[in-house]
Structures are given as C-alpha cells and as structure tokens.
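Nothing in this text is a laboratory measurement; each read-out follows from the coordinates by a stated rule. All figures in this text were calculated on a predicted structure; none of them were measured in a lab. No Cβ is skipped: glycine too gets one built from the backbone with ideal geometry, and neighbour counts run over all protein chains shown.
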Protein chains: 2
Amino acid sequence: MALNKRPTIRDVAAEAGVSKSLVSLVFSSETGVSQERRDKVMAAAKKLGFTPNLWARSLSSGSGDFVALIVADLHNPLFTEIADFTRKALLERGINTYMAAAVISERNGRKTLEPSTVSSVLDLRPKSIMIVGGLPDYKALKNVPASVPVIMATGIATQLPKAITVRSDDNEGMRLVVKHLKSLGHNRIAYIGPRDEAVSILREAAYERAMLDAGLAKSIRVEECDRTEAGGYSAAKLLLSTKEKPTAIVSFNDIIAIGAQDAVDQNLEAGGKKVALTGYDNVYIAALSKVSLTSVEQEKEAIAHKAAELLADLDLAEEFKGQEILLLPRLAVRDSTTTASAK
Amino acid sequence: MALNKRPTIRDVAAEAGVSKSLVSLVFSSETGVSQERRDKVMAAAKKLGFTPNLWARSLSSGSGDFVALIVADLHNPLFTEIADFTRKALLERGINTYMAAAVISERNGRKTLEPSTVSSVLDLRPKSIMIVGGLPDYKALKNVPASVPVIMATGIATQLPKAITVRSDDNEGMRLVVKHLKSLGHNRIAYIGPRDEAVSILREAAYERAMLDAGLAKSIRVEECDRTEAGGYSAAKLLLSTKEKPTAIVSFNDIIAIGAQDAVDQNLEAGGKKVALTGYDNVYIAALSKVSLTSVEQEKEAIAHKAAELLADLDLAEEFKGQEILLLPRLAVRDSTTTASAK
DNA sequence: TTGTAAGCGTTATCAA
DNA sequence: TTGATAACGCTTACAA
C-alpha cells in the first residue's frame with residue numbers, strides 16, 4: 001500500500017542512468033564526481049523529489065551526521081529553552097539535530113528512565129549527544145561508544161566520568177542571592193528545596209556556603225520539599241508558622257518559589273511582615289508581572305552556545321572530556337524581594 | 001574506537017550457537033521457536049546485553065512498531081501536556097512512541113517548517129503519526145504513505161484531507177465564555193487574538209457566532225495581535241483606551257490573556273473599572289493563584305486518549321480517515337472574571 | 001572518475 | 001522448527 005514510497009538512491013540512479021554508488025557520492029561528497037554526472041544526478045533527484053534517508057545512512061556508515069538532544073523534562077522551561085538555543089546554534093553551523101524527550105516512568109513511586117529512550121537514540125548513531133537536565137539514572141548511557149562525546153547541560157552525572165558538564169556556578173548564584181538579601185537587611189534567610197539528585201544537593205550546599213561566607217550561619221534553616229508548587233507552598237507555610245519566622249526564603253527553583261509565594265502572600269494578609277522570596281532559573285514565568293519573582297539567571301544562551309561548540313567539534317570535545325565548564329550566573333531582581341508590601 | 005559497540009543479532013546467534021534468523025524470530029514473534037532454543041537465545045542475549053535495533057528493524061521490515069509524535073512548539077504547555085498524556089496512554093498499550101520536536105525556522109519573517117524534521121521522522125517509518133499543534137505548512141507531510149494514519153491533535157490541516165483531527169469544539173468553548181460573561185452582566189465584550197492560521201481564524205469566528213447567539217452582536221470589537229504576552233498587552237491597552245471601553249476581553253489563548261492582564265490591571269489602578277478577562281487552553285499558568293485566569297479547558301486528557309486509541313488501532317484510524325472528532329470543552333472559572341476588584 | 005560488491009542490523013522468503 | 005539468502009537504503013573499499 002506504500003503508494004507514496006520515497007524514492008531511493010536506486011530510483012535516482014536509474015533515472016540518471018548511473019550507478020547507485022555515484023548517486024551516493026554526489027550526496028555525500030563535494031568532489032570526486034564529474035560535473036556532468038553530478039548535474040545529471042541532481043536533476044534526477046530533483047525530479048523524483050529524492051532526499052537521502054538519514055538513518056539508513058548512519059546505519060551504513062556507522063555514524064550519522066547529526067547531534068542528538070535528549071531533554072529530561074519537557075515541562076521544565078529551563079530545559080526546553082536551552083535545548084532550543086542549542087538547536088539554533090547548531091543549525092547555524094549547518095548541523096542537524098535530533099531532539100527526543102526522555103521517557104521517565106514512575107514504578108511504585110520511584111522514577112526511572114525508560115532505557116528505550118536512550119538506546120533508540122544511540123541506535124540512530126549520533127555523532128555527539130547532549131542531555132539537558134538531570135536524568136533519574138544513567139545506566140542506559142554507559143553504552144555510549146567512547147567516540148561519541150556526551151555533554152550534560154545543567155545536570156550533573158557523576159556516573160559518567162567522560163561526560164562534559166556545562167552548567168552555571170551554583171556557588172556564585174547563591175552568593176548573589178544571599179548578598180542581595182543581606183544588603184536589603186535580611187537576617188533570617190531560610191532555604192526550601194528537594195534533595196533528590198546531584199543538582200539539588202549541590203545547590204543547597206551552595207546556599208549554606210554562601211550563608212557562612214556572609215556571616216549569617218546561625219540563621220540557616222532548611223526545609224526539604226518536592227519539586228512542585230504544592231511542595232513549595234507547604235514548605236514555606238511550615239517555615240512561616242515557626243516562632244522564628246524567616247524574613248526571606250530562598251528557593252531551589254522558580255516552580256517551588258511560585259508555590260511559596262502563595263504562603264508568603266497569605267502570611268502578609270494575615271498581618272505578617274512581607275517576607276522576601278527568591279527563585280532560581282529565571283524561567284519566563286518568573287518574569288510575568290503578576291509573579292515578578294527575583295531569580296537567578298543561569299545564562300541559558302551561554303550554556304547553549306558552549307554546548308553547541310562542543311557538540312559540533314569532536315576534537316574540542318575530546319579535549320574537555322570529563323571536565324566541568326562553569327559559567328557565571330546573574331541575578332534578576334524583581335518585586336518579590338524589593339517591594340515592601342504586596343500589590 | 002567503538003569500544004562499546006552494542007551487540008547485534010549476530011553476536012547473540014554466535015553465543016547461543018544458532019542462526020541469526022532464529023534470534024530474530026525469538027525477538028519478533030511469540031511462537032515458532034522451540035522452548036529450548038528460545039531459552040538459549042534469551043540467555044545469550046541477556047549475557048551480552050542485547051536489545052534489538054529498532055531502526056534497522058523498521059528499515060528491514062518496511063515499518064516500525066512505534067508511533068511518532070511531532071510537537072509543533074515545545075514552549076506551548078498545551079502541546080507538551082497533550083503529547084505526554086498520549087505517550088502515557090500509548091505506553092499502557094505497550095506501544096513505543098518516538099517524540100520529536102518540529103523545527104520551525106524563521107526566514108525573513110516567515111515561519112516555515114524545516115522539512116528535515118518531518119522527513120527524518122518519516123524515514124523512521126512509524127506505524128502512525130500524531131501532530132500536536134498547528135504547523136506553519138504541511139508540504140513535508142504529503143509524503144506520508146497512505147497506509148500511515150496521521151492524527152492532528154488541536155491543530156487543523158485542511159491540506160491533509162486524509163488526516164484525522166481530534167480537537168475540542170471552539171464554538172462550544174466560546175459559547176461557554178460568552179454565556180459566562182453575559183451572566184455576569186457584561187455587555188461590551190471584546191476579543192483579541194491572532195489570525196495567523198486555521199485555529200485562530202476558527203476561534204475568532206466561534207467568538208463572533210457566540211456573540212450573535214447571545215444577542216450581543218453590536219458589542220463585537222476585535223483587535224488582532226500576535227501570539228505573545230506583549231501582543232496581548234498592546235491589544236488590550238488599545239481597547240481600553242477607546243472611548244467605548246469593553247467591560248470584558250476574551251482572548252484567543254492564555255499567553256495573550258496574561259499579557260492583557262497587565263493592561264487590565266493598569267486600567268484599574270488608573271481608576272477604571274475592573275475589566276473581566278478570559279483565556280483559552282487552561283494552561284497550568286492560568287491556574288497559578290497569582291494569575292487566576294478564567295479559561296477554557298480543552299480536555300487535553302480526553303483528546304490524548306482519543307488520539308491514542310486511533311494511533312494504536314490502524315483499522316479504527318482507517319475508518320475515521322478524513323474526519324474531525326470534536327470533544328466538548330469546559331470552562332474553568334477563576335478570579336479574572338469573578339473578582340470585582342484587583343487583589 | 002566510475003562501477004561492483006560487501007556490509008550496517010534487521011526481517012522475510014523459502015527450502016531443508 | 002530451523003537456516004541460508006535476499007532484501008531495506010545507504011556507504012565504502014576495491015577494481016576497473
């Protein structure tokens with residue numbers, strides 16, 4: 001029933017009256033074919049609407065001429081934005097990208113990465129791989145051939161010693177946050193966030209270090225919560241119900257902060273003082289004027305560009321193998337820390 | 001350098017001491033192999049860590065055992081949520097999905113679909129295809145073999161006469177919106193939105209029809225804008241600066257409405273009356289308590305389920321070829337229409 | 001510069 | 001129930 005079968009190299013060869021290897025040559029190399037034949041082949045290809053099958057190509061050649069992008073979570077705008085920037089940067093270099101979403105399934109409460117996601121991408125034989133965000137596990141990526149560089153953007157994979165990590169410096173990010181809050185006169189600064197994987201643990205540690213450095217060690221108060229608005233809400237609610245209410249709350253990310261914002265607002269309505277609040281990631285929701293959340297911008301575009309550079313250049317990637325590339329974040333100051341009263 | 005080459009059917013065959021066709025049989029059919037050999041093959045496969053290469057498989061067999069999901073825009077939560085629901089529903093039926101993001105590039109101001117996205121997906125030979133959202137053009141999809149059903153979720157593709165459209169009824173959605181606003185006493189109800197493709201044009205028409213049916217024909221006032229917050233803001237600003245200010249503004253979608261919300265708030269602060277505002281899609285941002293936007297829920301989950309049903313069952317899809325499946329939307333009422341004053 | 005033939009990892013056909 | 005052998009769409013020695 002395949003009425004509309006795509007034409008193959010063979011069809012083109014027949015049409016042009018040449019061998020199929022010659023057609024292949026025309027499409028894979030700039031030189032080595034006489035102009036005359038080249039024109040004939042191109043004409044035939046155009047006539048039939050032929051485009052090479054990318055996958056048959058990479059099956060045959062052992063490696064495809066494209067980069068694979070695996071996005072950990074499509075609902076996290078931080079990830080999709082970085083993925084998009086990377087794709088754009090790669091496209092400018094004339095490199096095709098293939099973007100797939102990681103399939104994460106929840107078996108009895110534990111998240112696991114469906115290995116088929118990764119293995120099907122590997123079967124496509126990309127020349128390099130970028131993973132945006134943290135994955136629940138990295139088993140499936142152990143099978144990546146040594147010749148294929150793996151770039152982690154944002155996430156951390158200690159289990160992949162050869163991977164290159166491109167992320168922004170959380171220590172610096174938290175330093176910015178704490179410094180900003182301290183300069184506003186805050187003295188009791190709490191933290192809320194999850195402790196579910198490398199990034200969250202690192203970021204909490206970064207907060208603690210920043211507090212120490214700022215001489216605010218004693219005011220540390222941490223409340224663990226999950227990565228949802230609801231989680232942020234309850235954690236903040238809890239903190240605000242303690243006797244020693246914090247005057248500011250630092251959140252692991254924007255989603256959590258947005259949940260916490262409700263608790264902060266309720267506290268204000270109940271006659272409490274305005275509690276300052278910060279997020280992290282500077283996702284576009286944080287910038288909405290209704291939300292107006294002070295947040296740490298990880299410089300997504302810079303991360304994407306650095307990643308694209310490595311993905312495009314295998315030699316460069318080889319050089320950076322196993323390293324961590326840290327970029328400097330920047331603070332986006334908004335109403336959640338600067339306005340004295342609720343709107 | 002391919003140190004970690006994945007084992008192939010041949011390796012397994014050698015290890016198990018059988019022919020490679022037998023290994024293939026074991027992995028592709030439940031029956032037809034003696035239990036003894038089957039066990040031997042499975043043991044060898046497990047030992048070597050073999051999993052079949054999905055793409056070599058579909059290259060050889062002419063069609064892969066998976067469904068392709070093409071998401072028009074990763075930044076639109078409406079789309080990613082529907083895609084995720086669909087994937088989940090398909091996974092429950094034991095069907096693999098492959099999800100790819102459409103690459104839309106902007107050449108001198110005109111958006112076009114990078115045909116490579118679609119043709120690469122087609123080269124993978126999915127057994128059916130779902131497109132979530134509207135694409136700038138459908139040329140690349142003309143090549144889909146007649147045997148492969150195409151399901152459009154949310155979007156409309158008049159250029160694909162064989163495609164099945166699953167979407168919610170915009171006429172009903174707008175009827176709900178207008179009825180709701182009318183019941184609140186609104187008499188001047190304006191509309192803002194783009195007119196860039198089928199869905200937006202249809203929705204605007206649905207609004208006009210709903211207004212007519214409600215006997216509010218004379219109060220129709222439409223302002224065109226692009227699909228961004230900024231677009232919504234300026235359109236609303238414009239409407240509110242006219243002499244006959246609307247008392248309510250209906251937006252094409254939530255993003256636009258969120259932009260319009262700022263204009264509405266400013267109007268209020270400037271001493272104006274509270275203008276009611278509605279969105280469309282009921283994206284999760286609309287539900288944030290800071291935003292609290294009345295919106296039309298398209299029943300994403302129902303759309304996803306219907307789509308999954310069609311994607312999974314080729315015969316059923318054949319039956320519905322070229323048809324449009326309309327689901328009933330529902331109104332999510334929130335503060336943006338019910339609260340008399342700003343918070 | 002061009003063609004022939006083998007092979008990428010798999011399935012499918014057909015004998016054995 | 002099994003195993004050769006020829007595809008699938010392509011690349012790539014190797015020969016011509």
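Give the shape of the protein assembly as shown as rounded, prolate or oblate, defined through the alpha-carbon gyration tensor: a ≥ b ≥ c are the square roots of its eigenvalues, a/c under 1.5 means rounded, and otherwise the shape is prolate if a/b is larger than b/c and oblate if not.
Since a/c reaches 1.5 but b/c is at least a/b, the shape of the protein assembly as shown is classed as oblate.
Please compute, for peptide B:111-124, the average count of beta-carbon atoms on other protein chains lying within 10 Å of each residue's beta-carbon. Spell out each step's value before the answer.
Details: counts 0, 0, 0, 3, 1, 7, 4, 0, 5, 8, 1, 3, 8, 5.
Mean shielding by partner chains, rounded to a whole number: 3.
Note the distances from B:Ala287 to each other copy's matching label point, with points 7 Å along the Cα-to-beta-carbon direction, in nm, sorted shortest first.
So the label point of B:Ala287 gives 2.5 nm to the other copies.
Between A:Ser105 and B:Gln323, what is the FRET efficiency for a Förster distance of 22 Å, r being their Cβ-Cβ separation, to the nearest 0.05?
So, using R0 = 22 Å, E works out to roughly 0.10.
Only helical DSSP H runs with n ≥ 4 go in: add -39500 (n - 2.57) per run for chain A, normalise by residue count and round the 222 nm mean residue ellipticity to 500 deg cm²/dmol.
Here the helix-only value at 222 nm equals -13000 deg cm²/dmol.
Taking the Cα centre of the protein assembly as shown as the origin, how large is its charge dipole in debye, to the nearest 20, when only Lys and Arg (+1) and Asp and Glu (-1) carry charge on their Cβ atoms?
Values: 88 positive and 84 negative charges, 68 e Å.
Computed about the Cα centre, the dipole is about 320 debye.
Any idea what the A:Lys88 label distances to the other copies are, label 7 Å down the Cα→Cβ vector, nm, shortest first?
Computed spacing set for this position: 3.1 nm.
Hey, got a sec? Which chymotrypsin sites (Phe, Trp or Tyr not before Pro) in region A:1-81 land in a DSSP loop and have at most 14 other Cβ atoms within 10 Å?
When the chymotrypsin sites (Phe, Trp or Tyr not before Pro) of region A:1-81 are filtered for loop state and at most 14 Cβ neighbours within 10 Å, nothing remains.
Output, in nm with one decimal and in ascending order, the distances from the A:Glu319 label point to the matching label points of the other copies (7 Å from Cα along Cα-to-Cβ).
6.2
Going by the alpha-carbon gyration tensor, a ≥ b ≥ c the square roots of its eigenvalues, is chain B rounded (a/c under 1.5) or, if a/c is not under 1.5, prolate (a/b greater than b/c) versus oblate? Display every interim value, and only then the final one.
On the way: a/c = 2.80, a/b = 2.68, b/c = 1.05.
Judged from the Cα gyration tensor, chain B comes out prolate (a/c at least 1.5, a/b above b/c).
So which trypsin sites (Lys or Arg not before Pro) in region B:268-314 end up in coil per DSSP with only 14 or fewer other C-beta atoms within 10 Å?
Details: sites: B:Lys273, B:Lys274, B:Lys290, B:Lys300, B:Lys306; in loops: B:Lys273, B:Lys274, B:Lys290.
Answer in residue order: B:Lys273.
Counting pairs of alpha carbon atoms under 8 Å apart in space and at least six apart in sequence, what relative contact order in percent does chain A give? Don't skip to the end; give the middle numbers.
Details: 643 pairs, mean separation 53.8, N = 343.
Relative contact order, chain A: 16 percent.
Could you tally the net charge around A:Val222, taking each other residue with its Cβ under 14 Å from the Cβ of A:Val222, Lys/Arg +1 and Asp/Glu -1?
Local charge sum for A:Val222: +1.
So for each of A:215-225, A:127-137 I average, over its residues, the number of other beta carbons within 10 Å; can you give me the resulting order with the highest mean first? Please list the in-between numbers first.
Values: A:215-225: 15.3, A:127-137: 22.8.
Ranking, from highest mean packing down: A:127-137, A:215-225.
Taking every residue in A:310-316, how many Cβ atoms of other protein chains lie within 10 Å of its Cβ, on average?
Details: counts 0, 0, 0, 0, 0, 0, 0.
Per residue, the number of nearby Cβ atoms from other chains is 0 on average.
Dipole magnitude of region B:283-342 about its Cα centre, charges +1 at Lys/Arg Cβ and -1 at Asp/Glu Cβ only, in debye to the nearest 20?
With only Lys, Arg, Asp and Glu charged at Cβ, the dipole is about 540 debye.
Taking every residue in B:96-106, how many Cβ atoms of other protein chains lie within 10 Å of its Cβ, on average?
Going residue by residue through B:96-106 and averaging, the value is 5.
DSSP loop trypsin sites (Lys or Arg not before Pro) in region A:42-104 with at most 16 other Cβ atoms within 10 Å of their Cβ, which ones?
Those that pass, being in a loop and sparsely packed, are A:Arg93.
Might you report the magnitude of the Cβ-based charge dipole of region A:9-52 about its Cα centre, with Lys and Arg at +1 and Asp and Glu at -1, to the nearest 20 debye?
In debye, rounded to 20, region A:9-52 gives about 80.
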